[in-house]
Amino acid sequence: MRIRTKRRVCARLTSENENVNMIHMRQKKAEGDTAMRIEEHPVLAFHRGEKVQFTLDGTTMEGYEGEPVAAALHANGVKVLGHSHKNGRPRGFYCAIGNCSSCKMVVNGEANVRVCVEPLRPGMAVETQRGKGEIR
């Protein structure tokens, strides 16, 4: 009985997190491009590429060529990158160096891509990965 309850809770959390992502995306569009980006820093220099478009689960988004896909997603208000395959708990941007598995997504049909270190390219098709991903 307890396992069924956990599954229901995780399923409810999954749909709630997807709704939260959509709300953040709408707020992001209303606020403009710079709402989630650091524009100036006293120590670091930002060398941005051209502004490019890519898709996340069929939704068109914008980012800068060469920046990590996860950074572009975060700048577009996407906080949940996937869910744990065991319990369905939301996973987000965590280590940003490719060590953990929190940011694995499907990129251009290839599963298990760590988007925190994958550079953004024009026309990329990024999809939320379900479970452990399919190897093609």
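No lab work stands behind these numbers, since they all come straight from the coordinates. Just so it is clear, the structure is predicted and the values come from calculations on it, not from any experiment. Reconstructed Cβ throughout: ideal geometry from the backbone, glycine too, with neighbour counts over all protein chains shown.
Starting from the 7 Å offset along Cα-to-Cβ, what nm value, one decimal, do you get for the label separation of Lys79 and Glu110?
Output for this residue pair reads 3.1 nm.
Under a crude label model (7 Å from the Cα following the beta-carbon direction), how far is Lys132 from Leu44 in nanometres?
The modelled label-to-label distance comes out at 3.4 nm.
Quick one: the Cα spread of the range 29-121 along its three principal axes, in angstroms, biggest first?
Projected onto its principal axes, the Cα set of the range 29-121 covers 41, 30, 24 Å.
Which value in nm describes the separation of the simple spin-label points at Gln53 and Asn99, placed 7 Å from the Cα toward the beta carbon?
3.8
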